[in-house]
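> Attaching a single structure in structure tokens format; questions to follow.
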Amino acid sequence: MKRYLAEFAASFLMIFLGTGSMVLSDQTGGWFSHMDVSLSWGFAVGASIFIFGRWSGAQMNPAVTISLTLLRAHPKRELIPYLMLQFSGGILASTLLAFLSPENEFLGSSLPAGSAMQSFYIEFLLTFALMGVVLLSGWFKKGAIFLVPFVIGATVFLEAYFAGPTTGASMNPARSFGPAIVSGHTEHLWVYLISTTLGAICASGLWLIWKKRF
């Protein structure tokens with residue numbers, strides 16, 4: 001039970017802090033800058049891993065959980081519970097933001113600045129890279145409690161800074177699902193659910209091939 005509670009709390013905290021920074025940026029007219037939002041996402045991910053990782057692994061990302069399950073690095077029996085907790089954490093985080101900022105229309109929703117397919121390709125690549133970092137972080141032994149949150153959080157920061165203005169830099173189905181459902185802006189949700197999951201799975205497939213051959 002502690003494992004499940006930790007995963008729910010980690011997902012809630014990460015999505016609340018990340019999308020909350022986007023809401024703050026909207027409400028301050030850009031005073032809270034794109035750099036600030038990117039840093040907030042990186043910090044939210046890193047802090048959640050640092051706080052909750054020892055209990056649940058703090059995956060917080062259905063695409064990551066599905067990929068780890070396919071790699072047999074996550075128990076199959078925990079796949080559905082983890083996915084439900086991650087999506088539920090996102091919905092609760094967005095519901096709380098809607099209560100705190102009822103005038104905000106989007107609540108940090110993931111929305112393409114260009115075409116839907118452009119965002120699809122970019123999100124695929126972003127999640128592919130993030131999943132690669134997650135897998136490589138498994139090599140850290142000494143100091144892992146500090147290195148893993150820092151490296152993954154820094155990766156999220158860089159990708160958010162790079163692609164935030166174009167796609168919203170989701171990299172996470174649960175991160176996009178909560179704001180979309182609560183705000184009602186579900187028109188492009190399929191882009192973020194499918195592209196991120198495919199990106200993580202492809203990275204895991206390449207990882208598996210690389211391990212077998214080398």
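The values are calculated or read from the model by the stated rules, or taken from the named source; none is laboratory data. Because the structure is a prediction, the values reported are computed rather than measured. Cβ sites come from the backbone with ideal geometry, for glycine too, and all protein chains shown count toward neighbours. Ligands, DNA and RNA are excluded from the accessible area calculation, which covers all protein heavy atoms including side chains. Shrake-Rupley method; radii C 1.70, N 1.55, O 1.52, S 1.80 Å.
> Are any of the residues in segment 60-83 among the aromatic types (Phe, Trp, Tyr) and open to solvent by less than 10 Å² (accessible area, probe 1.4 Å)?
yes
> Looking only at segment 39-56, filter to residues that are aliphatic (A, V, I, L, M) and open to solvent by less than 30 Å² (accessible area, probe 1.4 Å); which one of those is nearest to residue 155 (Cα to Cα)?
45
> Please determine, by comparing only the residues of segment 22-46 that are part of a helix (DSSP H, G or I) and out of contact with any Phe, Trp or Tyr (no Cβ under 9 Å at 6 or more places or on another chain), which one is farthest from residue 175 (Cα to Cα). Break it down stepwise before answering.
Taking segment 22-46 and keeping what is part of a helix (DSSP H, G or I), we get 22-27, 34-46.
Filter again for out of contact with any Phe, Trp or Tyr (no Cβ under 9 Å at 6 or more places or on another chain), leaving 27, 36.
Details: 27: 20, 36: 18 Å.
In this case the residue turns out to be 27.
> For the structure I just gave you, tell me whether residue 19 is in a helix (DSSP H, G or I), open to solvent by less than 30 Å² (accessible area, probe 1.4 Å), modelled with pLDDT of 95 or more and closer than 26 Å to residue 164 by Cα.
yes
> Would segment 55-63 turn up any residue that is closer than 25 Å to residue 184 by Cα, under 14 Å from the mean Cα position of the chain (by Cα) and assigned to a helix (DSSP H, G or I)?
Going residue by residue through segment 55-63, those that are closer than 25 Å to residue 184 by Cα are 60-63.
Still in the running and under 14 Å from the mean Cα position of the chain (by Cα): 60-63.
With assigned to a helix (DSSP H, G or I) added as a condition, the list becomes 62-63.
Looking through segment 55-63, at least one residue is closer than 25 Å to residue 184 by Cα, under 14 Å from the mean Cα position of the chain (by Cα) and assigned to a helix (DSSP H, G or I).
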